[in-house]
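The values are calculated or read from the model by the stated rules, or taken from the named source; none is laboratory data. Remember, predicted model here, so these are calculated numbers, not experimental data. So basically every Cβ, Gly included, is an ideal-geometry build from the backbone, and we count neighbours across all protein chains shown. Quick note on the areas: whole protein, heavy atoms, side chains included, nothing else; ligands and nucleic acids left out. Shrake-Rupley method; radii C 1.70, N 1.55, O 1.52, S 1.80 Å.
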Amino acid sequence: HKKTSNGSKAFRPSLRLAVYLREGLACVWCGQAIEDGIQLSMDHVIPESKGGTHGAENIVSACHRCNSVRQDRSAESFALACALYVNGGQTAEAILAHIRHQLALPLAPYRAEAREMLTRRGTVPAALAAQRR
């Protein structure tokens, strides 16, 4: 994976979209979804700086706010902080359980759907824009 100008890793569009679809087009941390107006990004559950991989088993979707605020904090530490500002009263344990559940889902069906969407729409932003409507 190559670095982009903002320092984030560039993921294949089909993987990026598949992860977003697996997470229901929402941030795993705060629960906000693209229809709420948020922009999604890729987040490493175990940060790269702490040995996390770029594999689908360590990647989730996060809104830009959560991803930038989190930086390289552990999932446990950030889930505690996140639970303080998430609407709906989610506990840190519930956030972590949700992430574990999402990571356990097989990515293959979402990859197939992502490839179909990219064939029709061309880019991840165009595919997401079509989902917002």
- [ ] Filter region 10-59 down to residues that are assigned to a helix (DSSP H, G or I) and touching a Phe, Trp or Tyr at 6+ places or on another chain (Cβ under 9 Å) and give me whichever is nearest to Gln102 (Cα to Cα).
- [x] Arg22
Open item on the list: If Ala104 meets every condition in (1) small (Gly, Ala, Ser); (2) open to solvent by 60 Å² or more (accessible area, probe 1.4 Å); (3) under 20 Å from Pro125 (Cα atoms) apart from one, which number is that one?
Closed with: (3)
Task: Selection within region 28-57 - touching a residue at least 40 places away in the same chain (Cβ under 8 Å) and within 10 Å of the chain's Cα centre (by Cα) - done: Val28, Trp29, Leu40, Val45
TODO: Give just the number: which of (1) at pLDDT below 95; (2) touching a helix residue (DSSP H, G or I) at 6+ places or on another chain (Cβ under 7 Å); (3) closer than 21 Å to Arg132 by Cα does Arg70 not satisfy?
DONE: (3)
Task: Filter result for Ser77 (exposed (fewer than 13 other Cβ atoms within 10 Å of the Cβ), without any contact (Cβ under 8 Å) to a residue 60 or more places away in the chain and within 14 Å of the chain's Cα centre (by Cα)) - done: no
Open item on the list: Just to be sure I understand, how many residues within region 80-89 are within 18 Å of the chain's Cα centre (by Cα) and either closer than 20 Å to Gly24 by Cα or among the basic types (Lys, Arg) (or both)?
Closed with: 3
TODO: Using the structure shown, decide if Arg22 is modelled with pLDDT of 95 or more and surrounded by fewer than 16 Cβ atoms within 10 Å (Cβ to Cβ).
DONE: no
- [ ] Could you run through region 93-122 and say how many residues are within 17 Å of the chain's Cα centre (by Cα) and assigned to a helix (DSSP H, G or I)?
- [x] 17
